[in-house]
Amino acid sequence: MMRSIRLLASLLLMLPALAVAQSAQEPVKVGITEVPPFVMQSESGEWEGISIDLWRQVAENMGREYEWVPLSFSDLLAQVESGDIDLAVGALTMTAQRESAFDFTHPFYQTGLSIAIPSAPEQGLLSSLISLLSWEFLSVVVSLAALLLGVGFVLWLFERKRNPEQFGGSAAQGIGSGLWWAAVTMTTVGYGDKAPTTLTGRVVALVWMFAGLIMVASFTAAITSSLTVSNLRSQIQGPDDLIRANVATIPNTASQQYLQEQRIRHQEYPDLTSAMESVARGDTDAVVYDRALLQYRNLQMGEDRLTLLPSTFQKQLYALALPAGSPLRDQISEQILTVTETDAWQANVLKYLGRD
């Protein structure tokens, strides 16, 4: 009886080893979903990226064969939970909710949420002068000139016969004198070389004196706005400033969850590229997303490249996911530590993301 019990116990202890031996004979089913720069498909159809390169090295070190199983993101999580695939490779964030559904390996990448805002041009004398050539500023100058001409014309109509010494001569000369008077009156310079003498002319002058105060204030504001608009394009310096901004993000992501929890106004876009383009166009003020993904996409933006703020928040860890209780977990985690501690791994990450 005791011998049978010992034999049964030995068999039970051998089951995990037998399971690993059996699984070693079959290719590992690796589920993937495209999420640049961690998982991407090249024009030739080959899979590449940070996570892809990591798994290739891990599989080589383990001496394991594998096969790719492309899936949507929702199917990827569902099939790793059900055990239909042996491993999920991508940019999966380790969370308590996911840990309760399946197992994670040792993390291979640490990141966090980050903020991208419109790129502001460098300020200088030349850029300030160029800003004065904007359509908004030129339209104010043209409107003001037309108003001065109109006031000068009206004054000339009333003064040309009663006051020919100051507003006489040809029509062009008289209107020019009226324009000069309107300009010096508006700016409160008042040289005194031109002054209306008729009652209606003085009424026009009185009205224009008060209106001129408003005109000068408006013109000064237009100049100030044109010179400083590029400095004021964004007052977002960190997460605390998002509360007064319109933020772009992607639904069903950690960034969207963060914005909801903080009650920050946001707009959802189908993908990261669309969200970043909305910021470049001025439809939104900033985009919040995983820094690594923002950093990679920003390299593809060309002239529409955004400015990534240096800080990160809501720290996140990326790891590979396996079905709960998978016998491969410990071995894969050991190999991940081995690979990510090498200089070659750091160079590989730099190849995809560039310098931060």
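Please identify every one of the trypsin sites (Lys or Arg not before Pro) in segment 142-224 that sits in a loop by DSSP and has no more than 10 other beta carbons within 10 Å of its own beta carbon.
Sparse-neighbourhood loop trypsin sites (Lys or Arg not before Pro): LYS161.
Just to confirm a number: summing +1 for Lys and Arg and -1 for Asp and Glu over residues other than LEU322 whose beta-carbon lies under 14 angstrom from that of LEU322, what do you get? If you can, show how the numbers build up before the last one.
Details: positive: LYS29, ARG64, ARG98, ARG329; negative: GLU81, ASP84, ASP86, GLU99, ASP103, ASP330, GLU334.
Once positives and negatives cancel, what remains is -3.
Please compute the modelled spin-label separation between GLN97 and THR220, points set 7 Å along Cα→Cβ, answer in nm with one decimal.
Label-label distance for THR220 and GLN97, simple model: 5.5 nm.
At a Förster radius of 35 Å, what calculated FRET efficiency corresponds to the Cβ-Cβ distance of LEU138 and GLN260, to the nearest 0.05?
Details: r = 44 Å, r/R0 = 1.24.
Computed FRET efficiency for LEU138 and GLN260 comes out at 0.20.
Convert each backbone phi in segment 57-64 into a coupling constant with the Karplus relation 6.51 cos²θ - 1.76 cosθ + 1.60 (shift: θ = phi - 60°), then list the ³J(HN,Hα) values in order as whole Hz, x for Gly and Pro.
Values per residue, Gly and Pro as x: 5, 5, 5, 5, 5, 7, x, 10 Hz.
What's the extension gain from SER274 to ILE243 if we count 0.36 nm per residue and subtract their Cα-Cα distance?
My answer for the length gained is 9.0 nm.
From the Cα trace of segment 141-187, what convex hull volume per residue do you get, rounded to a whole Å³?
On the way: hull volume 2.8 nm³, N = 47.
It comes to 59 Å³ per residue, whole-number rounded.
How large is the accessible surface of TRP180 in square angstrom, using a 1.4 angstrom probe and rounding to the nearest 10?
110 Å²
Could you state how much accessible area GLU261 has, in square angstrom rounded to the nearest 10, with a 1.4 Å probe and all protein chains kept in place?
Accessible surface of GLU261 is approximately 110 Å².
Using R₀ = 22 Å, calculate the FRET efficiency as 1/(1 + (r/R₀)^6) where r is the Cβ-Cβ separation of GLU334 and ARG56; round to 0.05.
Values: r = 16 Å, r/R0 = 0.75.
Here the calculated transfer efficiency is 0.85.
The values are calculated or read from the model by the stated rules, or taken from the named source; none is laboratory data. This one's a predicted model, so the numbers in the text were calculated from it and none came from an experiment. As a convention, Cβ positions derive from the backbone with ideal geometry for all residues, glycine included, and neighbour counts pool all protein chains shown. These accessible areas exclude ligands, DNA and RNA; they are computed on the full protein's heavy atoms, side chains included. Shrake-Rupley method; radii C 1.70, N 1.55, O 1.52, S 1.80 Å.
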